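Accompanying notes for the structure given below.
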Amino acid sequence: MNRKVILPGQTIGIIGGGQLGRMMALSAKAMGYRIAVLDPNPDSPCGQVADHKIIAPYNSGQAMEELAAICDVVTFEFENIDENALELAANRTWVPQGVQLLSIAKDRIKEKNAIMEAGLPVAPYKSASTTNELAEAVKEIGFPCVVKTARGGYDGKGQLVLKSDREIETAAELLKHGSCVVEKWVSFEKEISVIAARNSSGETAVFPVAENIHKNNILHQTIVPARIGNEAREQAMQLAVRLADALEMVGTLAVEMFLMGDGSIFINEIAPRPHNSGHFTIEACETSQFAQHIKAVCNLPLGKTELLRPVVMVNVLGEHQEPLLAKLPELRNWNVHLYGKNEAKAGRKMGHATLIRDSADQALLEIEESGIWTLNSMSAIGK
Ligand code: AMP
């Protein structure tokens with residue numbers, strides 16, 4: 001057990017300068033920490049609010065050592081970091097999340113194995129590295145199933161749903177990107193997620209269950225409280241904490257799950273960092289997921305996580321930014337966050353808005369009535 005504590009005034013290094021890093025940095029700065037960020041973009045969302053910027057590729061060993069040399073603790077905002085490069089940082093400074101959790105989270109096969117080993121439920125799956133193994137795996141799992149690349153995929157990229165034998169050949173193309181996992185396609189009732197936090201003294205905390213609505217495989221809305229039964233709510237929160245404990249993780253762990261019609265739950269995937277589905281916590285909980293992450297990696301006592309009011313978070317993608325800005329003067333009590341990204345490409349996460357209302361239905365209605373999310377996505381940015 002590590003009792004080391006990082007205090008305000010000391011420097012936190014963040015690998016990755018995107019919006020998650022930016023919001024981590026803003027929380028950390030509110031507490032009095034200094035921030036150094038490693039990102040290749042000289043004007044990254046996190047770089048804009050950091051004290052030091054190291055402008056270099058994430059996987060540069062030299063940059064990693066440079067970051068470690070000026071930081072008292074190093075954390076990351078995304079998983080696709082080279083383990084060897086992170087190891088270099090870990091040799092020089094404190095990397096409480098560890099290299100092992102990163103290697104689990106960036107590989108769907110390792111991830112599912114780790115969840116199973118923790119005794120927690122995942123949808124039936126088999127791994128495959130060759131076309132023959134893939135055909136065997138599909139035979140065993142049955143149709144419909146989904147083939148996903150083990151590494152590198154996100155927001156539904158690198159995935160193919162199979163309904164019949166004829167599609168196996170197309171799915172085999174995915175093997176070009178490395179091993180794949182074949183998973184049973186489950187007809188879930190809802191997609192939910194839970195963010196757990198754990199510090200290196202072993203203290204855990206868990207945020208309320210979020211109900212997630214995706215569009216084109218990208219998170220669209222998060223509704224809290226999730227519109228699910230109390231038993232499922234309890235179970236989902238327990239699963240997240242059990243997984244955080246089993247992995248002995250430090251920081252925040254986002255656990256995405258499928259809630260089935262019979263009340264059972266499958267864990268779909270995990271992210272060892274703050275997560276888009278936890279942005280609601282910034283205004284709707286006493287402690288935000290970002291503040292909690294900072295407390296956890298600095299080994300401070302974790303904050304309270306109760307939901308203060310019903311809330312809906314809606315993502316602002318490239319195609320929504322202009323309509324949102326045009327409407328902004330009329331939007332009362334909308335907490336609009338924009339991440340400082342220059343180019344509003346369609347599908348790119350530019351920001352989010354959080355509406356705290358007497359009920360989630362009220363927030364959903366206001367979002368719908370704003371018309372911002374109902375415009376034709378491409379025409380909205382002239383593409
Ligand atoms: P993922 O990249 O694993 O989060 O998958 C992207 C989306 O595809 C999920 O949010 C689900 O909506 C859907 N999906 C993924 N795996 C399955 C599955 N085994 N059964 C049903 N839907 C799935």
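Pair-distance distribution of region 190-381: all C-alpha pairs, bin width 5 Å, starting at 0; shares per bin in whole percent are 1, 8, 16, 19, 19, 16, 11, 6, 3, 0, 0. Once the Cβ-Cβ distance between GLU283 and ASN41 is put in as r, and R0 is 25 Å, what FRET efficiency do you end up with, to the nearest 0.05? For GLU283 and ASN41, the calculated efficiency is 0.35. What the chain shows is 43 Å² of accessible area per residue, with the surface traced by a 1.4 Å probe over protein heavy atoms. A straight Cα-to-Cα reach below 24 Å connects LYS215 with the lysines LYS106, LYS148, LYS157, LYS163, LYS184, LYS190, LYS327, LYS341, LYS345, LYS349, LYS383, residues fewer than 8 places away in its own chain not being considered.
Between THR170, THR130, THR252, the residue with the greatest mean-square fluctuation in the GNM of the chain (Cα pairs under 10 Å linked by springs) is THR170. Sorted largest first, the spans of the alpha carbon positions of the chain along the three principal axes are 59, 52, 45 Å. Among SER277, SER359, SER200, the largest mean-square fluctuation in a Gaussian network model of the chain, built with springs joining Cα atoms closer than 10 Å, belongs to SER359. The helix-based estimate of mean residue ellipticity at 222 nm for the chain, built from -39,500 (n - 2.57) per DSSP H run of four or more residues and divided by its residue count, is -9000 deg cm²/dmol to the nearest 500.
Listed by chain and number, the lysines placed with their C-alpha closer than 23 angstrom to that of LYS295 are LYS4, LYS29, LYS53, LYS304; residues fewer than eight positions away on the same chain are left out. Note on ASP358/ARG242: beta-carbon distance plugged into 1/(1 + (r/R0)^6) with R0 of 41 Å gives a FRET efficiency of 0.75. When the residues LEU300, LEU308, LEU317 are ordered by accessible surface, computed with a 1.4 Å probe over the protein chains alone, the sequence from largest down reads LEU308, LEU300, LEU317. Gain on full extension, evaluated as 0.36 nm per residue between THR374 and ASN80 minus their Cα-Cα distance, stands at 102.6 nm. What's the center-to-center distance, using Cα atoms, between region 339-372 and region 105-139 in Å? Taking the Cα centre of region 105-139 as reference, the centre of region 339-372 is 35 Å away.
Distance from a point 7 Å along Cα→Cβ of VAL336 to each backbone N in region 283-317: keep the residues under 18 Å and list them by number. Counting only backbone N, you get 283, 312-317.
Each peptide among 368-374, 133-139, 244-250 gets the average number of other Cβ atoms lying within 10 Å of its residues, and from highest to lowest they stand as 244-250, 133-139, 368-374.
Counted over the chain, the DSSP beta bridges are approximately 80% antiparallel. Projecting the Cα atoms of ILE81, LEU162, GLN48 onto the dipole axis of the chain, where Lys and Arg carry +1 and Asp and Glu carry -1 at the beta carbon, places GLN48 farthest toward the positive end. Dipole magnitude for the chain: about 460 debye, using +1 per Lys or Arg Cβ and -1 per Asp or Glu Cβ, origin at the Cα centre. Carbon-plus-sulfur accessible fraction, region 11-95 (probe radius 1.4 Å, protein heavy atoms only): 45%.
Amide H contacts of GLY152 (H built 1.01 Å from N, in plane; Pro and chain starts excluded): no residue 5 or more places away or on another chain comes under 5 Å. Stretching ALA56 away from ILE70 to a fully extended chain increases their span by 3.5 nm, per 0.36 nm per residue minus the current alpha-carbon distance. Across region 276-284, rounded Karplus estimates of 3J(HN,Hα) from the backbone phi angles (6.51 cos²θ - 1.76 cosθ + 1.60, θ = phi - 60°) give 3, 6, x, 5, 4, 5, 4, 9, 9 Hz, Gly and Pro being marked x. When the solvent-accessible area of region 124-184 is split by element, carbon and sulfur atoms take up 48 percent of it, the probe being 1.4 Å.
The values are calculated or read from the model by the stated rules, or taken from the named source; none is laboratory data. Note that the coordinates shown come from a computational prediction; the quantities given were computed from them, not determined experimentally. We place every Cβ from the backbone using ideal geometry, glycine too, and count neighbours over all the protein chains shown. For accessibility, only protein heavy atoms count, side chains too; no ligands or nucleic acids. Shrake-Rupley method; radii C 1.70, N 1.55, O 1.52, S 1.80 Å.
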